[in-house]
Each structure stands twice: as structure tokens, then as C-alpha cells.
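Peer 1: Sharing a structure below in C-alpha cells format, with a few things to ask.
Each reported figure results from applying straightforward, stated rules to the coordinates on display, with no laboratory input. Because the structure is predicted, anything quoted here is derived from the model rather than measured. Positions of Cβ are generated from backbone atoms using ideal geometry, with glycine treated the same way; all protein chains shown enter the neighbour counts.
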Amino acid sequence: MSKTDPIADLLTRIRNAHLSKHDRLDVPTSKLKAEICRILKEQGLIKNFRTLEAQPSAKLRIFLRYGDDGAPAITHLQRVSRPGRRVYRGADSIRPVLNGLGLGIISTSQGLLTDSQARERQLGGEVVCEVW
């Protein structure tokens, strides 16, 4: 069995849970996944998340958000920088995602930031994913 990209796995599980209209989903936890969930919660794209100390390994439980009409809050999740092709941007070359309607998650020297926070702080870094 080959190792997969854990961030791509997280994004795919969220995408699949939305397609199946699930209220929540559990994924294996990591600090990076928890930070991605923190940003998604701050931006109002998921309801909440919490860490479950289950045996044999901890899980991250993510509560998904839907609109009044049942449409998912997240319509598009895309991994940009992959293990086989890393994508880095300087502070001046980070562009708004979907003309500011979307959200880019950037891994910087100050931790994970949204694309707008990275531009504000004049920080570049690895473009982890794009969400809208």
C-alpha cells in the first residue's frame, strides 16, 4: 500500500461527505488538518470541529454546514500543492481566489493563513488548497 497525501485525503472526504449529505465526518487527526479545519470554521465553511481521543488513534470530527435550501457551504475544494508538484507563491504573487469570493489556504512561516491574511502580512508560502 502506498502512502497517500493526507491533505488531499481530508479534502476528498469532506467533498464526499457533502455529496452524501452527511452532517459530520471523522478523519485521522494531525496538526495540519486541525489548522485547515480552524480556517474553514473561521470563514464559515464548516460548523465546527473537535478532536476525539479514540483508541487506537485520535480522530478529527468535522461538522459540515449546509444552507437553508440544503446546498453545501463548500462547493469546490481543490488541492493546489501536491507532494509531486509543490506550488509556492511570493507575497506579491498571491492572487485572490475567484475574485475574492473563494479562499486560498497558504502555509507560511507564521503558520497556515488565508490568502488575504498572507497578502496583508506580506508573506509568501506554499499554496495548500483553494476553497469556494
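Peer 1: Can you tell which of Lys33, Lys41 is touching a strand residue (DSSP E or B) at 6+ places or on another chain (Cβ under 7 Å), free of Cβ contacts under 8 Å to residues at least 12 places away in the same chain and either in a helix (DSSP H, G or I) or at negative phi (or both)?
Peer 2: None of the others qualify; the one that does is Lys41.
Peer 1: Right, something else. Please go through the stretch 30-58 and pick out each residue that is surrounded by 11 or more Cβ atoms within 10 Å (Cβ to Cβ), under 13 Å from the mean Cα position of the chain (by Cα) and farther than 28 Å from Gly70 by Cβ.
Peer 2: Across the stretch 30-58, the qualifying residues are Ser30, Leu32, Glu35.
Peer 1: Another question, then. Is it the case that the stretch 67-80 has a residue that's in contact with a helix residue (DSSP H, G or I) (Cβ under 8 Å, 6 or more places away or on another chain), surrounded by 12 or more Cβ atoms within 10 Å (Cβ to Cβ) and farther than 21 Å from Ser116 by Cα?
Peer 2: yes
Peer 1: Can I ask one more? Output the residues belonging to the stretch 93-116 that are surrounded by fewer than 15 Cβ atoms within 10 Å (Cβ to Cβ) and without any contact (Cβ under 8 Å) to a residue 24 or more places away in the chain.
Peer 2: The answer is Arg95, Pro96, Asn99, Gly100, Ser109, Gln110.
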